[in-house]
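To start, the structure under review is shown below, and the notes come after it.
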Amino acid sequence: MFEKFGYGFGFAAFLMYLIYIAEGKSKTSHYAIATGFMALGMMLPGMISGYMQQWLGYDGFFIWVVIAALPALILLKYISYPPEFGKKTSN
């Protein structure tokens, strides 16, 4: 339950980031391409995760996943959004 809850929040935050970076004349196309790369980033590790778990065991696999997530967590400090992003503007 906690895993799915955390996954949902992380997934929603990443989708909002993709919407933020999808700029230019073809925003929808940029968003679709970025979403495809996101899916590829989930598919490729998923293809080898079973083999890695068998090789490392459950404890070793958990430690590997935590270590592999650290660079992304460190990079969160450097992502900045403009203060007005996502706020409704009155016309």
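Any read-out appearing in this document is the output of simple, stated calculations on the displayed coordinates, not a laboratory observation. The structure displayed is predicted, hence computed values, not measured ones. When we count neighbours, we look across all protein chains shown, and the Cβ atoms used for this are built from the backbone with ideal geometry, even at glycine.
Of everything in segment 8-58, what is of a type in the set (K, R) and surrounded by 10 or more Cβ atoms within 10 Å (Cβ to Cβ)? Give them in sequence order. Matches in segment 8-58: K27 only.
Within segment 18-30, residues that are within 20 Å of I79 (Cα to Cα) sit with their Cβ atoms under 9 Å from residues that are among the hydroxyl-bearing types (S, T, Y) and surrounded by 11 or more Cβ atoms within 10 Å (Cβ to Cβ), at 6+ positions apart or across chains, in these pairs: L18/Y31; L18/T35; I19/Y31; I21/Y31; A22/S29; A22/Y31. When each of K4, K77, K87 is tested for being of a type in the set (D, E, K, R) and assigned to a loop (DSSP other than H, G, I, E, B), the lone residue that passes is K87.
Within segment 68-91, the set of residues being among the β-branched types (V, I, T) and either surrounded by 10 or more Cβ atoms within 10 Å (Cβ to Cβ) or within 17 Å of G41 (Cβ to Cβ) (or both) comprises just one member, I79.
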